[in-house]
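J.: Below you will find the structure I want to go over with you.
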Number of protein chains: 2
Amino acid sequence: MKSVIEGVEVQDLRIIPTEGGPVLHMLRADSPLFRSFGELYFSEVEPGHIKAWKRHSRQTQHFAVPVGMLKIVLYDDRADSTSRGTVMELVLGRPEEYRLLCIPPRVWYGFTALGDQSALICNCTDIPHDPNEGERRPLDTDEIPYHW
Amino acid sequence: MKSVIEGVEVQDLRIIPTEGGPVLHMLRADSPLFRSFGELYFSEVEPGHIKAWKRHSRQTQHFAVPVGMLKIVLYDDRADSTSRGTVMELVLGRPEEYRLLCIPPRVWYGFTALGDQSALICNCTDIPHDPNEGERRPLDTDEIPYHW
């Protein structure tokens with residue numbers, strides 16, 4: 001799958017059928033998409049809720065969605081980006097859309113669960129969580145050309 | 001929670017209530033339990049199935065269970081261990097049993113889902129998967145004093 005925002009990467013991930021339940025790949029230290037290990041955490045998104053907007057000044061996100069279906073929207077307003085002004089929408093979830101999504105610093109993102117089940121995001125970041133490097137905007141901000 | 005097998009570590013993890021769904025901690029690079037980043041993957045365990053037994057010669061496991069309830073059993077037959085011969089049984093899952101479990105190399109482990117929902121294990125290992133360093137024994141081996 002091609003990315004339309006500079007620095008955003010999307011990689012198909014393998015689901016390995018196994019007796020008793022599948023094994024789902026996510027990220028290896030020898031992957032070209034791996035940078036460094038900062039923190040690993042989950043964010044659950046309940047049906048009918050939207051978590052938006054957020055961006056980081058230094059942190060790179062590695063997202064996979066092993067449970068549920070997630071719609072995620074990215075927006076690039078970086079002054080120095082070749083894709084400035086671009087909105088990118090994608091779906092993450094098993095089985096067809098099981099992918100690794102890398103979101104670089106300074107790209108806005110927001111997400112919501114599709115369907116009636118919660119979606120679980122696993123995020124493996126390149127730096128440990130620092131509350132001072134995250135920034136938020138309200139869902140309905142005029143500064144991002146996307147309507148949830 | 002105290003561990004009874006030498007080198008096994010168990011740490012309570014935080015669940016942070018958040019509008020739209022909780023954030024679940026798992027592992028940070030500055031945690032005393034972090035060693036190095038090797039690979040991040042998921043293993044799903046369907047109800048009624050048991051995945052056992054397995055051990056690694058070099059790889060350390062960091063397990064958390066963000067979805068479902070897992071019963072996990074560990075067995076130590078390391079000749080050089082102070083806890084040789086010990087069986088350890090624990091439950092991992094939200095909310096009361098949401099914990100990080102570190103399983104060192106050479107300790108046997110097996111697990112099954114509790115209840116009627118699949119359990120999802122997230123494993124963050126200290127080396128990338130190497131098919132040559134894992135070893136298996138059948139569920140009903142006489143060499144491990146545990147009956148599933």
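J.: Once the label point is set 7 Å along the Cα-to-beta-carbon vector, what list of distances in nm do you get between residue A:116 and its counterparts in the other copies?
T.: Those separations, rounded to one decimal, come out as 1.6 nm.
J.: Cut-off 20 Å, label point 7 angstrom out along Cα-to-Cβ of residue A:91: give me the residues of the stretch A:134-148 whose amide nitrogen falls inside.
T.: A:147-148
J.: Give the long-range amide H neighbours of residue A:83: residues separated by 5 or more places, or on another chain, with amide H under 5 Å away, using H modelled in the peptide plane at 1.01 Å from N.
T.: A:6
J.: At a 10 angstrom cut-off on C-beta neighbours, averaged per residue, how do the peptides A:107-115, A:23-31 rank from highest to lowest? Present the calculation step by step, with values, prior to reporting the outcome.
T.: Numbers: A:107-115: 21.1, A:23-31: 18.2.
With the highest mean Cβ count within 10 Å placed first, the list reads A:107-115, A:23-31.
J.: Continuing with the same structure: Taking 45 Å as R0, compute the FRET efficiency from the Cβ-Cβ separation of residue A:4 and residue B:79 and round it to 0.05. Before the final figure, lay out the partial values.
T.: Working: r = 57 Å, r/R0 = 1.27.
For R0 = 45 Å, the calculated efficiency reads 0.20.
J.: Reported to two decimal places, what Rg/Rh ratio describes chain B when computed on Cα atoms with Rh from the Kirkwood expression?
T.: Ratio value, two decimals: 0.95.
J.: Follow-up question, since we're still on this one. Could you list which residues have their amide H under 5 Å from that of residue B:53, counting only those 5 or more apart in sequence or on another chain, with H placed in the peptide plane?
T.: It is B:137, B:139, by chain and number.
J.: Here is a further query. Short version: ³J(HN,Hα) in whole Hz for each residue of the stretch B:98-110, in order, from phi by Karplus 6.51 cos²θ - 1.76 cosθ + 1.60 (θ = phi - 60°), x for Gly and Pro, what are they?
T.: Rounded to whole hertz, the list is 7, 9, 9, 10, 9, 10, x, x, 6, 9, 6, 8, x.
J.: Among B:61-74, A:56-69, A:131-144, A:81-94, what's the highest-first ranking by average C-beta atoms within 10 angstrom per residue? Don't skip to the answer; put the middle values down first.
T.: Numbers: B:61-74: 22.4, A:56-69: 20.8, A:131-144: 11.7, A:81-94: 16.0.
Taking the mean over residues of other Cβ atoms within 10 Å, the ranking is B:61-74, A:56-69, A:81-94, A:131-144.
J.: Now a separate question. So what are the three principal axis dimensions of the protein assembly as shown from its Cα atoms, in whole Å, longest to shortest?
T.: Principal axes ranked by extent give 66, 34, 33 Å for the Cα atoms.
J.: Hey, quick one: spin label on residue A:12, modelled 7 Å out along Cα-Cβ, who in the stretch A:82-96 has an amide N within reach, i.e. under 19 Å?
T.: A:90-96
J.: Would you mind computing Rg(Cα) / (2.2 N^0.38 Å) for the stretch A:92-147, counting N as its residues? Before the final figure, lay out each step's value.
T.: Values: Rg = 13.8 Å, N = 56, 2.2 N^0.38 = 10.2 Å.
Working it through for the stretch A:92-147, the quotient is 1.35.
J.: May I pose another question? Kindly state, to the nearest 0.05, the FRET efficiency for residue A:130 paired with residue B:148, given R0 = 51 Å and r defined as their beta-carbon distance. Can you show the working numbers first?
T.: On the way: r = 44 Å, r/R0 = 0.86.
It comes out at approximately 0.70.
J.: Averaged across B:10-23, how many Cβ atoms of other chains sit within 10 Å of each residue's Cβ atom?
T.: Working: counts 0, 0, 0, 2, 1, 2, 2, 0, 6, 4, 14, 13, 6, 8.
The mean count of partner-chain Cβ atoms within 10 Å per residue comes to 4.
J.: Give the separation of the Cα centroids, the stretch A:1-39 to the stretch B:50-75, in Å.
T.: Cα centres, the stretch A:1-39 to the stretch B:50-75: 21 Å.
J.: Would you tell me the mean number of C-beta atoms belonging to other protein chains that fall within 10 Å of each C-beta in A:24-32, as a whole number?
T.: Numbers: counts 6, 5, 7, 7, 9, 9, 3, 2, 0.
Rounded to a whole number, the mean comes out at 5.
J.: Separation between the residue A:58 and residue A:30 pseudo-spin-labels, each 7 Å from Cα along Cα→Cβ, expressed in nm?
T.: Those two pseudo-labels are separated by 3.1 nm.
J.: Which whole number gives the average count of other chain Cβ atoms within 10 Å of the Cβ atoms across peptide B:123-135?
T.: Values: counts 2, 6, 2, 1, 2, 6, 3, 0, 0, 0, 0, 0, 0.
Average neighbour count from other chains, rounded to a whole number: 2.
None of the figures in this text is laboratory data; all of them are computed from the coordinates on show. Here the structure is a predicted model, which means the values were calculated and not measured. Note that each Cβ is placed from the backbone with ideal geometry, even for glycine, and that neighbours are counted across all protein chains shown.
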